[in-house]
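The structure that follows is given in the form of structure tokens.
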Amino acid sequence: MNPHGPAANPVWAVELNHVTKTFHGTAAVCDVNLRIADGEFFSLLGPSGCGKTTLLRMIAGFEAPSDGSIIIGGTSVGDMPPHRRDVNTVFQSYALFPHLSVRENVAFGLQMKGVPKAEIATRVQAALELVQLPGFGDRKPRQLSGGQQQRVALARAVINRPKVLLLDEPLAALDLKLRKEMQIELKMLQERLGITFIFVTHDQEEALSLSDRIAVMNHGSVLQVGPPAEIYERPLTQFVADFIGECNFLPGRVTAISDGIAEVETSSALRISGTAPQPVAPGDQVMIAIRPEKVRLIEGERPSISNAFPVQIERVAYIGSDTRIIVRLPDGSSFDVWESNTISTLDPAAYYAAGDKAWLTWTPQNALVLTE
Amino acid sequence: MAKTLADARANVRHGGERPVTRKRVPWGAWALRINALLTYIFLYAPIVILVLFSFNAAKFGTRWTGWTSQWYRDLWQSEKLQAAAWTSIKVASISTLIATAIGTLAALALSKTRWRGRRAFDSAMYLPVIIPDIVLAVALLGFFTLSFRGLQSWLGLNLQLGLSTVIIAHVAFNISYVTVVVRASLANFDQRLEEAAADLGAAPWQIFWRIKLPLILPGILGGALLAFTLSLDDFVVTFFARGPGVNTLTTEVYGRIKRYVSPEINAISTVMLVLSMVLVVLSLFMQRRQSSRTV
Ligand SMILES: Nc1ncnc2c1ncn2[C@@H]1O[C@H](COP(=O)(O)OP(=O)(O)OP(=O)(O)O)[C@@H](O)[C@H]1O
Ligand SMILES: [Mg+2]
């Protein structure tokens, strides 16, 4: 799991053991176990209110876990106050000091550490350049836009070069272009300084492209942890498959298993063969998950493969790189299909139109048989 | 007075006719406007008259005989008045300093922790703000008398009412005002800033000096200015808590009123009025500054 190869006796940058936090009897974070390696870019992904911020706040020391233990760099941080922890946070709400200038905000952490004035000045300048705000040092936070404030918050945390940097949706307020630029900057910074990032985001693409590993959370629990490809290609639960990327779901029951391929009969008597990431047995109620880009539409005669179903094209949306098609299965349910536009043409005959008939097909390894 | 009232009536009549000519404005809105106008006249007419008469050349009576600045020059030369002004400023300054320190600490304590009974303490803070001055004054007088007697019998100390009792009494009521104002500015203070500072390695005392104090300072100064003004303006509590021969501006004015209000008294009052207004405006300005800063 350590991106730099397994160590004999690894000291994790952050280790969470059975961490639980309850507010007034309801659990915001529930029995979370995570081991985050030194220098890892680790993302927390999950819907609003699933406990991401609460988890970060416990690592930073603003909330005490109701149960479980947190170990940072090999030291248990039980009731160590926040200012003693070698952890910095980029807050979801920025929390810039309104009475200090941008420069003073960014310099604050170094001043607290007693770094010499000259060094502070050069490092502040470098940090402001990093977040593309070199000329903004003398402004007050209220004279900045939301995105600019967010970048100051980023500079203020990064400048301290902590062991662990907690980032709570640090790019949420930025426009797409700046966001992409800052993603690259962040990733490069993280690699260059070897800082461990624990990164909260709502943007799956961001999580997939930046992270070494991703933890998907829901209702305070971690559902699955793994590298981006594993999370996307081998989701273990319907929730993860649905939350990361798009997915078609067909409920059914396992009828037979051979060579790791499960035969499933859907409630509308379609027979589908798919791969089960976790063991299943005949008779199990399952959910078939199929990503829309992993299926093919074929015109003409019935293709001679196991998963082929006659469908009618319902709706076609051309979006440039892809064409997104909604088709209707024989049982009446609708199904999303994304076709890559690999050939440049204006010929209308090259595209499907509503009302066309076709065969919907996929290989068994692209249909996941999920138990939840 | 007649002049102003006549003006007012004219205004009212003038206003009252408008709905007939401009039909769009409902009569209810006009009634409200007239009400507001009357309220302002009611509030300010006596003050305007007081200020006017401080420039009246007539020594006696309420007849206007011409403009003069004689009374202000007299004020400037009266040693008794200067002594009283000096006492007022001394009492106000010392009691403000003490009350601001205690009141700010009380506000910080009340805002910080969520201990049981905090709400009761919170409400109790408003008590001196709402109870009548005379009740507070009598209570303080009783308190002083009792403690002096106690101190005399136990320690043989012979304490008397004097300047220090006035100061203590002013501290007593000013603490509440300072606390209430500072509490308001603490309510505007974003707790997350403390977390951000701690996150960046600031110890609690550094957070206080570098982040919290600068941000609530306008509120503290606002509270202090309010306390200073209230102290300058106070008559009732001072009157009861003072010892013989101790005179602030307010008690001095009271002492000078015999059967009529002399133009000199009008002049002193005008000076105090202007001073208080300046201080209150400053105080509000300081408090406003903070809220514009934190947002
Ligand atoms: N101080 C608190 N007191 C009570 N409940 C809280 C507190 N802080 C968080 N919660 C609750 O805990 C749950 C998790 O909140 P949290 O802020 O961690 O969510 P999040 O995953 O960061 O959401 P978002 O993506 O919207 O920021 C929510 O249901 C929230 O209402
Ligand atoms: Mg959050």
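Would you mind checking the tilt of helix A:146-158 against the longest principal axis of the Cα atoms of chain A, expressed as 0 to 90 degrees and rounded to 10?
With both axes taken from Cα atoms, the answer is about 70 degrees.
Per-residue mean of other chain beta-carbon atoms within 10 angstrom of the beta-carbon, peptide A:62-68?
Shielding by partners across A:62-68 averages 1.
Sticking with this one: Cut-off is 10 Å between beta-carbons; in what order do A:101, A:76, A:43 appear when sorted fewest neighbours first?
Numbers: A:101 17, A:76 12, A:43 26.
Listing A:101, A:76, A:43 from fewest to most nearby Cβ atoms yields A:76, A:101, A:43.
Rounded to the nearest 5, what % of DSSP beta bridges with both residues in chain A are antiparallel?
Among the beta bridges of chain A, antiparallel pairing accounts for roughly 75 percent.
Here is a follow-up. Take the Cα pairs of the protein assembly as shown, get the Kirkwood Rh, then feed it into Stokes-Einstein at 10 °C and 1.306 mPa s and tell me D in µm²/s. Please report the intermediate quantities before stating the final value.
Details: Rh = 32.4 Å.
It diffuses with D of about 49 µm²/s by this estimate.
Here is a follow-up. So if I take the centroid of the Cα atoms in the stretch A:110-163 and the same for the stretch A:69-109, what is the distance between those two points in Å?
That distance is 14 Å.
If you don't mind, another one. Would you tell me the mean number of C-beta atoms belonging to other protein chains that fall within 10 Å of each C-beta in A:84-90, as a whole number?
On the way: counts 3, 3, 1, 1, 4, 5, 2.
Mean shielding by partner chains, rounded to a whole number: 3.
By average Cβ neighbour count within 10 Å, what is the ranking of A:217-223, A:256-262 from highest down? All intermediate terms of the calculation are to be shown ahead of the outcome.
Details: A:217-223: 19.6, A:256-262: 13.6.
Top to bottom by mean Cβ count within 10 Å: A:217-223, A:256-262.
Let me ask something else. What whole-number distance in Å separates the alpha-carbon centres of the stretch A:320-352 and the stretch B:54-109?
Centre-to-centre distance over Cα atoms comes out at 87 Å.
Another one. Tell me the angle of helix A:117-130 to the major Cα principal axis of chain A, expressed in degrees between 0 and 90 and rounded to the nearest ten.
Approximately 20 degrees, to the nearest ten.
Now, a different point. Quick check on packing: order A:105-111, A:319-325, B:102-108 by the mean number of other C-beta atoms within 10 Å, highest mean leading.
Numbers: A:105-111: 24.6, A:319-325: 14.3, B:102-108: 20.6.
Output ranking for A:105-111, A:319-325, B:102-108: A:105-111, B:102-108, A:319-325.
Hey, what angle do you get for helix A:176-193 against the long axis of chain A, alpha-carbon based, 0 to 90 degrees rounded to 10?
Tilt of helix A:176-193: around 60 degrees.
Span-like helices, chain B: DSSP H, alpha-carbon axial extent 30 Å or more, mean Kyte-Doolittle 1.6 or greater, which ones?
On the way: long enough: B:27-53 (38 Å, 1.74); B:79-112 (49 Å, 0.92); B:133-155 (32 Å, 1.40); B:163-188 (37 Å, 1.40); B:263-294 (47 Å, 0.77).
Membrane-span-like by this criterion, though nothing is claimed about a membrane: B:27-53.
Report, to one decimal in Å, the Kirkwood hydrodynamic radius for the stretch A:51-191 based on all distinct Cα pairs. List each step's numbers first, then the result.
Values: mean 1/r = 0.0634 Å⁻¹.
One decimal place: 15.8 Å for the Kirkwood radius.
Now, a different point. Among B:178-187, B:198-207, how do they line up by average Cβ neighbours within 10 Å per residue, starting with the highest?
Numbers: B:178-187: 22.0, B:198-207: 19.5.
The peptides rank, most packed first, as B:178-187, B:198-207.
Other chains near A:91-100: what is the mean number of their Cβ atoms within 10 Å of each residue's Cβ?
Working: counts 5, 1, 5, 2, 9, 3, 9, 10, 10, 4.
Other-chain Cβ atoms within 10 Å of each residue's Cβ, averaged: 6.
So if I take the alpha carbon set of chain A, get Rg, then get Rh from the Kirkwood formula, what is the Rg over Rh ratio? The partial results should precede the final answer.
Working: Rg = 24.7 Å, Rh = 23.4 Å.
Result for chain A is an Rg/Rh of 1.06.
Also, quick follow-up: Return A:352, B:72 ranked ascending by Cβ neighbour count within 10 Å, so the fewest neighbours appear first.
Details: A:352 19, B:72 16.
With the fewest neighbours first, A:352, B:72 line up as B:72, A:352.
For A:291, B:116, which order do you get if you count the other beta carbons within 10 Å of each Cβ and list the fewest first?
Numbers: A:291 21, B:116 6.
Exposure proxy ranking, most exposed first: B:116, A:291.
While we're here: Counting only helical runs of four or more DSSP H residues, what would the 222 nm mean residue ellipticity of chain B come to if each run contributes -39,500 (n - 2.57) and the total is spread over all its residues?
Numbers: 14 runs with 230 residues, N = 295.
Calculated mean residue ellipticity at 222 nm is -26000 deg cm²/dmol.
Distance between Cα centroids, the stretch B:174-216 to the stretch A:171-190: provide it in whole Å.
33 Å
Sticking with this one: Take every DSSP beta bridge whose two residues both sit in the protein assembly as shown, then give the antiparallel share in percent to the nearest 5. List each step's numbers first, then the result.
Working: 62 of 81 bridges.
Roughly 75 percent of the DSSP beta bridges within the protein assembly as shown come out antiparallel.
Run lengths n ≥ 4 of DSSP H only: what is the helix-derived mean residue ellipticity at 222 nm for chain A, with -39500 (n - 2.57) per run over all residues, to the nearest 500?
Values: 8 runs with 85 residues, N = 372.
The per-residue figure over chain A is -7000 deg cm²/dmol.
Going by amide H atoms built from the backbone, whose H comes under 5 Å of the H on residue A:315, apart from near neighbours?
Placed amide hydrogens put A:326 under 5 Å from residue A:315.
Taken together, the values in this text are just the output of simple stated rules run on the coordinates, not laboratory data. All values reported here derive from a predicted model rather than from experimental measurement. Because the Cβ atoms are built from the backbone with ideal geometry, glycine has one as well, and the counts that use them run over all protein chains shown.
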